[in-house]
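The values are calculated or read from the model by the stated rules, or taken from the named source; none is laboratory data. Keep in mind it's a predicted model, so treat the numbers as computed, not measured. Positions of Cβ are generated from backbone atoms using ideal geometry, with glycine treated the same way; all protein chains shown enter the neighbour counts. With ligands, DNA and RNA removed, areas are computed over all heavy atoms of the protein, side chains included. Shrake-Rupley method; radii C 1.70, N 1.55, O 1.52, S 1.80 Å.
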Amino acid sequence: MDISWADLDSDQKRAIAILGAGLSIELCDPLALLTLRRLGLIIGSHLTVVGHNLRRDAVVKSVMG
């Protein structure tokens, strides 16, 4: 299943940003975390490789604008 940054809602994007920055999972919306787990973007309180790649691609795309 391919997922793009545009497929995520603002709470899910925020959760990925928080976890990618190494901040506490407690700052994330619980429903967003549940969805991200189902999508395979997080395990436990960390981003998966797929989650990291999605975050990286979104950052690069925003910088390249």
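Points worth noting:
- Qualifying residues in the stretch 14-58 (those that are among the hydroxyl-bearing types (Ser, Thr, Tyr) and within 15 Å of residue 2 (Cα to Cα)) - the one least open to solvent (accessible area, probe 1.4 Å): 48
- Taking the stretch 47-65 as the range and being touching a Gly at 6+ places or on another chain (Cβ under 8 Å) and of a type in the set (S, T, N, Q) as the test, only 48 passes.
- Residue in the stretch 52-59 that is of a type in the set (Lys, Arg) and modelled with pLDDT of 95 or more present: yes
- Every residue from the stretch 21-65 that is β-branched (Val, Ile, Thr) and touching a strand residue (DSSP E or B) at 6+ places or on another chain (Cβ under 9 Å): 25, 48
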